[in-house]
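Participant: Please find one structure pasted underneath; my questions will follow.
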């Protein structure tokens, strides 16, 4: 159970790289604390797959193609 100090109900968490690995784990953890999540990543197919995974867990999630790297 999340600590009250980490209650994110009514908040939206933007997670870059949230379509796999640590980013996906962070998205799940933030959602467990009450946040809706928005997954940002360069691969829209992976983003949408992760969004569906999160949605199947009852998490309100959105997927957006985004590149935050520096050239």
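We did not get these values from a lab; they are worked out from the coordinates using the rules stated. Keep in mind that what you see is a predicted model, and the values were worked out from it rather than measured. Virtual Cβ from ideal backbone geometry, glycine too; neighbours counted across all protein chains shown.
Participant: How do the pairs read when you match residues in segment 44-58 that are within 17 Å of residue 29 (Cα to Cα) with residues anywhere that are part of a helix (DSSP H, G or I), using Cβ under 6 Å and keeping only pairs 6 or more apart or on different chains?
Facilitator: 50/24
Participant: How about segment 25-62: which of its residues are more than 20 Å from residue 8 (Cβ to Cβ) and surrounded by 22 or more Cβ atoms within 10 Å (Cβ to Cβ)?
Facilitator: 41, 47
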